[in-house]
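Here is the structure we will look at.
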Amino acid sequence: MASASLPGAAGGLGARRWLAMLARDPLACLAALFLLLLVLAALLGPALIPESAGRMNLRLRNAPPFELANGWLYILGADTLGRSMLARLIEASRSTLMVASSAVALSFLIGGTLGVLAGYARGWGATLILRMADVLMSFPSLLLAVVVLYTFSPSIKNIVLVLAITRLPVYIRTARAEILELRERMFVSAARVMGAGPIRTALRHVVPFVLPTLLTLAAVDFAYVMLAESALSFLGIGIQPPDVTWGLMVAQGRGYLASAWWLAFFPGLFIMLTTLSLNLLASWLRVAADPQQRWRLEPGGKAGDAP
Amino acid sequence: MGSFIARRSLQSLVALAGLIVLVFFAARLTGSPADLYLPIDASVEARQAFNEKHGFNDPLTEQFGRFLVDLARFDLGHSIRKDRPALEVVLEAIPTTLALAAVTMTLAVAGAILVGSLAARRPGGAVDRLGSTLSLAAASAPDFWVAISAILLFAVALGWLPTSGMGTFWHWIMPVGVLLIRPFGILVQVVRGSMLGALSAPYVKTARAKGIRERTVVFVHALRNGLLPVITVAGDQAAGIVNGAVIVETIFGWPGIGKLMIDSIIQRDFAVIQASILVTAAIIFAMNIVIDLAYGLLDPRVRHA
């Protein structure tokens, strides 16, 4: 990839060109818009609708959705205690996104570093890292999480840790595979011949090429981790009340399926929309970040021409 | 080939050993079973007697030693909850889950081969676009929510299917359907990718030039080569199906290993937790080795050195 400095290649992409490429893919555009709104709602929610997530109104117990008679806050109905579903969903989005992003950041940093080390240093250390990854991979992650979370109390910190640990192997393996291929490339050898030490070679010449792959992986992983956290919370061993996430809301609404379907349906719908948006955006990113496929998203390229 | 299997087996054994240690000590940390099995107002003496009887008073190392000796004799302890040997309880639940997993994986692989091959035949065509949208949606769907929504629609609103339990053919539809989503979505992508490669190979051109029917070209000539990566991924997915089984079995009241595990964790039935995790892990590790072997048998080019 010696073309990095050529105009129009990886390094020289302005924000405007990225936006233009996003506009070429309507689905990815919608996904980005949804995620942007979601993050804004999560960040600004408490300021916009202070305390309405906790305010009970027993006259509105299980109020049905899509009725404006009770004000726009109750557009998605109310829960069993008469709290606004919309406000609850926004409140839950904060912890849902927080848990997932901390877990992904943690496994990205630790897994990426371990993977780079395992690719660079040969010897028993690398073997140990890889064997550990194999062991983690070969066992169903949910079971591991179930065992650990029952042992230690299911606090937010422990859930983030468990989720991060179960996702480590993915980053380790991907980073290592990329490094193994990159370290034999001409420009890496050139750097080494010119006297760059192993640390400088790794940080300046190799890691920048691994990062885009790992970032795309992180976007997909964010969706995966969100689903895992929701599943744990749903089983009752994830986030505990009074904290609330979407998965927990589905679990709490499960008992009212016959009488108030919206209690379980809407939180699940939001999980689905968020993960779907992340996956759509990640598959767009894979094309947009690849110099050989990018033409599909540029003027003149044939849109909808799947790679 | 022989040394490869030996190495894989050794690796699995090490993993299993690590798991045994983790499971034993993790289960002991969850709290005292005496609090759960005796009435709240049980006397201190009664608690003592209970702990004495089940050996919970001995030092942990001693308990662990005893656990290992018993393990060597295939004695995985006694279920406190059911008052029966733990292994017996677990082995009773295993076939239920295996049946569910087998039906699901068969349908997922067959469906994915069909949809994936058709999608690869015309990249960008209608089947391809539908297939990739479906598989993306499948990778994004929270399975517990799909399960609940399915109950809402088919059992509560329409009344077509039973909500839980097993027995008739109708009981299988929702659990299998929900469990199918994740592996199907991933497999469609894998089949499509590897068939795209296979279909552009020279031998496919030759077969077409000879005038062989298109169906035969795609599903016989190309598929045989395109199938190899599919087997690997299907193996991974089959192991991961345990993840889904825990949720599906809990929601649909399916008396399999996933439900057993959750129930015994809540009831602090140590012996059954240990037994079910060890048996599940052993099955998964055995399956991984079988898949590696199958890979070598199916593809003469991959004879493990």
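The values are calculated or read from the model by the stated rules, or taken from the named source; none is laboratory data. Note that this is a predicted model, so its numbers are computed, not measured. Cβ sites come from the backbone with ideal geometry, for glycine too, and all protein chains shown count toward neighbours. Just the protein is used for accessible areas: all its heavy atoms, side chains included, with ligands, DNA and RNA removed. Shrake-Rupley method; radii C 1.70, N 1.55, O 1.52, S 1.80 Å.
Mind running the shape call on chain A? Use the C-alpha gyration tensor, a ≥ b ≥ c as the square roots of the eigenvalues: rounded below 1.5 for a/c, prolate if a/b tops b/c, oblate otherwise. Cα axes put chain A in the oblate bin.
Just want to confirm a number: the relative contact order over the range B:93-304, from Cα pairs under 8 angstrom separated by 6+ residues, in percent. Once divided by the residue count of the range B:93-304, the mean separation gives 26 percent. Which of B:Val272, B:Val90, B:Val23 moves the most in a Gaussian network model of chain B with Cα springs under 10 Å? Per the Cα network of chain B with a 10 Å cutoff, B:Val23 tops the list.
Accessible surface for B:Thr97 stands near 20 Å², nearest 10, in the context of the full protein assembly shown (1.4 Å probe).
Peptide A:125-133 shows a mean partner chain C-beta count of 1 within 10 Å per residue C-beta.
Over chain A, Cα pairs under 8 Å with separation of 6+ residues give a relative contact order of 21 percent.
Before rounding to the nearest 500, sum -39500 (n - 2.57) across all DSSP H runs of length at least 4 in the protein assembly as shown and divide by the residue total; then give [θ] at 222 nm in deg cm²/dmol. Spell out each step's value before the answer.
Values: 22 runs with 413 residues, N = 612.
Theoretical 222 nm ellipticity from helices: -23000 deg cm²/dmol.
Cross-link partners for B:Lys205 among the aspartates and glutamates, with Cα-Cα distance under 20 Å and sequence neighbours closer than 8 places in the same chain left out: B:Glu214. Between B:Ala46, B:Ala17, B:Ala138, the Gaussian network model of chain B with springs among Cα atoms under 10 angstrom shows the greatest mean-square fluctuation at B:Ala46.
Can you give the average number of partner chain beta-carbon atoms within 10 Å of each beta-carbon in peptide B:130-142, as a whole number? Intermediate values should be presented prior to the final figure.
On the way: counts 0, 0, 2, 2, 0, 1, 7, 5, 1, 8, 14, 6, 17.
Mean partner shielding for this stretch: 5.
Each Lys or Arg adds one and each Asp or Glu takes one away; over the other residues whose Cβ falls under 13 Å from the Cβ of B:Gly256, this sums to -2. The alpha-carbon positions of the range B:93-304 define a convex hull whose volume is 137 Å³ per residue.
Once all protein chains are placed together, A:Arg173 keeps about 100 Å² accessible to a 1.4 angstrom probe. Take each residue in A:280-286, count the other chain C-beta atoms within 10 Å of its C-beta, and the mean is 1. Computed over protein heavy atoms with a 1.4 angstrom probe, the accessible surface ordering of B:Val14, B:Val115, A:Val188, B:Val220, largest first, is B:Val14, B:Val220, B:Val115, A:Val188. Heavy-atom accessible surface of chain B, averaged per residue, reaches 48 Å², computed with a 1.4 Å probe. Using a Gaussian network model of chain A in which every pair of alpha carbons under 10 angstrom is joined by a spring, one finds that among A:Ile159, A:Ile237, A:Ile49 the greatest mean-square fluctuation is at A:Ile49. Stretching A:Met98 away from A:Arg192 to a fully extended chain increases their span by 29.7 nm, per 0.36 nm per residue minus the current alpha-carbon distance.
Suppose we look only past 39 Å in the calculated P(r) of the protein assembly as shown. What percent of the Cα-Cα pairs does that tail hold? Here the long-distance tail beyond 39 Å is 37 percent of all Cα pairs in the protein assembly as shown.
Counting only protein heavy atoms, what percent of the accessible surface of the protein assembly as shown is carbon or sulfur at a 1.4 Å probe?
Details: 20260 of 29810 Å².
Heavy-atom surface of the protein assembly as shown belonging to carbon and sulfur, 1.4 Å probe: 68 percent.
Largest accessible area first, the listed residues A:Trp124, A:Trp295 line up as A:Trp124, A:Trp295 when surface is computed with a 1.4 Å probe on the assembled protein chains.
On association of chains A and B, roughly 3500 Å² of accessible area becomes buried (total for both chains; probe 1.4 Å). Taking all C-alpha pairs of the range A:246-292, those more than 12 Å from each other amount to 65 percent.
Legend: helices of chain B (whole DSSP H runs) are marked when their alpha-carbon atoms reach 30 angstrom or more along the helix axis and their mean Kyte-Doolittle hydropathy is at least -1.0; marked are B:2-28, B:86-121, B:170-199, B:223-252, B:270-298.
Quick check on the range B:45-195: take the gyration tensor over C-alpha atoms, sort the square-rooted eigenvalues as a ≥ b ≥ c, and tell me if it's rounded (a/c under 1.5), prolate or oblate. The shape class here is prolate.
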